[in-house]
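In what follows, a single structure is set out as structure tokens and then discussed.
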Amino acid sequence: HGSAWQAVSEMRRSIVGELNLLQKKIMKDGVIKAGNVLKVDSFLNHQIDVPFISELGKEFKKLFGDRQVDKILTIEASGIGIACLTAVYFGVPVLFAKKSAGSNMDKDVYEVKSFTHNKVNHVVASKKYLNAGEHILIMDDFLANGCAVQGLIDLVKQAGGIVEGVGICIEKGFQGGGDELRASGIDVKSLAIIEKMDAETGTITFR
Ligand code: G4P
């Protein structure tokens, strides 16, 4: 029943003490838009709140600290911030896949086709920077249908690398991309998983 769900969400909102750092920030600064879109461009993917995102980087270091991580792989543009602010704690480089080969880009690249917004993106990474036997942590700001992450996994596999895990800031659980990856054996860890959100009432339910 709709109003019962709303009451539950309201109750959850009020138990802010039980929310983690990112969930609290989403409650405070996130804006729910029609079409199941969560705007977080005041701190995550347009303007970047560097001290705050750096705290999320520390969280990822705790979550994946027992893994061998030689490099963090993300995709331009919005993944770069969280990837860099996590890499500081791992002391490793960040490689960001590019959505199309620029004129200055090496011609010797691994390439995948990634479908986003019904548009085909050619995602590339130079062969120089993805190597066989490298242990890779994949990161991104959002995980929705999982197309971007699937593409990144494919790049690592082409290079003969090992995907150690996937670190995501905000997963839209209801779009299923994360669970599909987990079912295929990938260690996906998301700091906030949104199960449900409602633009009209402004309520968010976290998993
Ligand atoms: P997928 O990779 O998980 O399949 O994502 P999807 O195609 O569904 O989403 C396309 C783009 O929209 C991605 O950014 C993704 O991060 C972003 N996105 C999806 N849902 C939301 C949302 O609720 N809020 C916000 N703010 N972004 C969302 P992109 O095209 O790769 O762009 P960029 O920002 O990384 O350059």
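At-a-glance table
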read-out	value
Checklist (1) modelled with pLDDT under 95; (2) within 11 Å of the ligand (Cβ to nearest atom); (3) in contact with a strand residue (DSSP E or B) (Cβ under 8 Å, 6 or more places away or on another chain) applied to LEU38, failing item	(1)
Whichever residue in the range 17-35 is of a type outside the set (A, V, I, L, M) and assigned to a loop (DSSP other than H, G, I, E, B) and, among such residues, is farthest from the ligand (Cβ to nearest atom)	ASN20
Matching residues in the range 72-117 - criterion: being hydrophobic (A, V, I, L, M, F, W, C) and modelled with pLDDT under 95	ALA101, MET105, VAL109, VAL112, PHE115
Scan of the range 197-207 for residues that are loosely packed, with under 15 Cβ neighbours inside 10 Å and either in contact (Cβ under 8 Å) with a residue 24 or more places away in the chain or closer than 14 Å to GLN23 by Cβ (or both), ordered by number	ALA199, THR201, GLY202, ARG207
Among (1) at pLDDT 95 or above; (2) in contact with a strand residue (DSSP E or B) (Cβ under 6 Å, 6 or more places away or on another chain), the one test that LYS62 misses	(2)
Test: residue in the range 157-166 that is among the acidic types (Asp, Glu), closer than 30 Å to ASP29 by Cα and in contact with a strand residue (DSSP E or B) (Cβ under 9 Å, 6 or more places away or on another chain)	no
Residues of the range 38-73 classified as of a type outside the set (A, V, I, L, M, F, W, C), assigned to a loop (DSSP other than H, G, I, E, B) and within 29 Å of GLU200 (Cα to Cα), total	6
Single condition GLY30 does not satisfy, out of (1) free of Cβ contacts under 8 Å to residues at least 60 places away in the same chain; (2) on the phi < 0 side of the Ramachandran plot	(1)
Contacts under 7 angstrom Cβ, first residue in the range 103-115 being surrounded by 13 or more Cβ atoms within 10 Å (Cβ to Cβ), partner modelled with pLDDT under 85 and not in a loop (DSSP other than H, G, I, E, B), 6 or more apart	SER114/ASN121
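The values are calculated or read from the model by the stated rules, or taken from the named source; none is laboratory data. Fair warning: this is a prediction, and the values are worked out from it, not measured in the lab. Cβ coordinates were reconstructed from backbone atoms using ideal geometry, including for glycine residues, and neighbour counts include every protein chain displayed.
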